[in-house]
1. Taking the simple approach of a point 7 Å from Cα along Cα-to-Cβ for both residue A:4 and residue B:270, what is their distance in nm?
2. If the elastic network links every pair of Cα atoms under 10 Å, which of B:176, B:209, B:261 fluctuates the most in the Gaussian network model of chain B?
3. What is the average number of partner chain Cβ atoms found within 10 Å of a Cβ in B:79-85?
4. Grab every C-alpha pair in region B:225-294, bin the distances at 10 angstrom width from 0 up to the longest one, and report whole percents.
5. Between residue B:161 and residue A:130, what is the FRET efficiency for a Förster distance of 56 Å, r being their Cβ-Cβ separation, to the nearest 0.05?
6. Testing the spin-label approximation: label points 7 Å from Cα along Cα→Cβ at residue A:123 and residue A:166. State their distance in nm.
7. In what order do B:204, A:4 fall by count of nearby beta-carbon atoms within 10 Å, going from fewest to most?
8. Once you have the alpha carbon radius of gyration of the protein assembly as shown, what is it after dividing by 2.2 N^0.38 Å, with N set to its residue count?
């Protein structure tokens, strides 16, 4: 039987042994639960005793978006210190003189951090049961949203690990990881809207001479909205594109999102492992 | 067992190792000494496969530390000068984790951890969280950690730094025990008398270069240049000092009571001739011997040039 990676086992043991983990889990559920119950209270206040299914759908959307925002805060925060923290605690050099390869180290660090985030997301399932209780949402949509979360957690986690490998200090690594996650979550969306508006202005002759080819701009807009978590989540929830571009990659938006995020994550992990090789490190021993 | 061959390593404009070469035989406890910034930690890091040399080669048991790094990691145990421990792990779990990281089969790990904790005198701390151990205990646990895969070579960078006298004595005993187990130990320390006690040989480094290497006796002999001698006579010590000052190879004579101290630059035959001259001259010589320097004095002597340079800055 294949043995579990020792770093992964150690990380899981350390993480789940402390009271901090239970507190973080409780806080996460408290925040998300407060949003759900607050939303229900506001919905019912206007019409006591009645809850319409379309409100259940709105509740589901609100819950999913809240969860995405919270993941944007939690995942980079959990992963941005996994390597730099070892460096600061002066345990990394010892780890690197074992038979473990840098690749094994970065992957086990990612998996252990992501395992905790998956636990957080799984712990919110009872809140989703409230949505099911009132109907209006198909189980497939819930599965789709959870699949989407897994892909998002993976890339955000890889960004955190990469920053942690690249920067010496956890503080700098964390700020950079949050910046990159924000750029991905919000920056790509804003850029897509901006370029779409520019394309429309060009089409109306509002910009002269024409700066970029309209077909190219439409392609870029489509790509940007396909890699933007908010747009893709809305696509899964509402079943339609946020910005109509007329471009078809031959795959649904969520599939493009999954492929790009998985590929980017694997490349980042490869880069992180390379950064730990002797001669590639940006930090010196003596 | 260990060979550095013309190793150079730069950190930006700073040259940490400058054509550093050294050979260390199997089963020896070898001390690496030098002032701060001499390049000891860099040399050890290269040996531990943590740094790549800019030039030159280093081998452990014939394995190149760059080309065969993974195999080298299998035969070395490395303890850095500064190291941390993991929170939330017990001593046994800590050792079992590193045993797993060295691919030791799972069924052997609990027994191995127990044996190693006994070796470093921590058997009663097996279930204690490592972050709650004292510094001396952590050092000993780290040494046990170095041994989980039964390495042939131990690289210990300042293993006794920050320890109280009792903990240092315990560490010294453990290193002696490791020598008896046949391990080759490369150890750096600032506490030179202790190194002199446990090391078979030492190398003195300065500014990234090897200044001198050999047994402690050889080092002190090389370092002294002119040896310091002492002659005890029954009387006429002042006259003897005057006589000695006229002899070839003798300098800085000083009469003190019934003895004369002086520096003598000559071989053993010349030393015998000098004694014969004193006896023939009628001085009642009762003792004639060399005042042996210890490792600390030898270290100060061979690195004096460097100290003067630092002082001039």
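Just so it is clear, none of the values below were taken in a lab; they were calculated from the coordinates. Quick caveat: nothing in here was measured; it's all calculated off a predicted structure. Glycine also receives a Cβ, built like all others from the backbone with ideal geometry; neighbour counts cover every protein chain displayed.
1. For residue A:4 paired with residue B:270, the spin-label model returns 7.3 nm.
2. Between B:176, B:209, B:261, it is B:261 that shows the largest mean-square fluctuation.
3. Per-residue shielding by partner chains comes out at 5.
4. 22, 62, 16, 0
5. The calculated FRET efficiency here is 0.40.
6. It is 3.1 nm.
7. Lowest count first: A:4, B:204.
8. In units of the 2.2 N^0.38 Å rule of thumb, it is 1.39.
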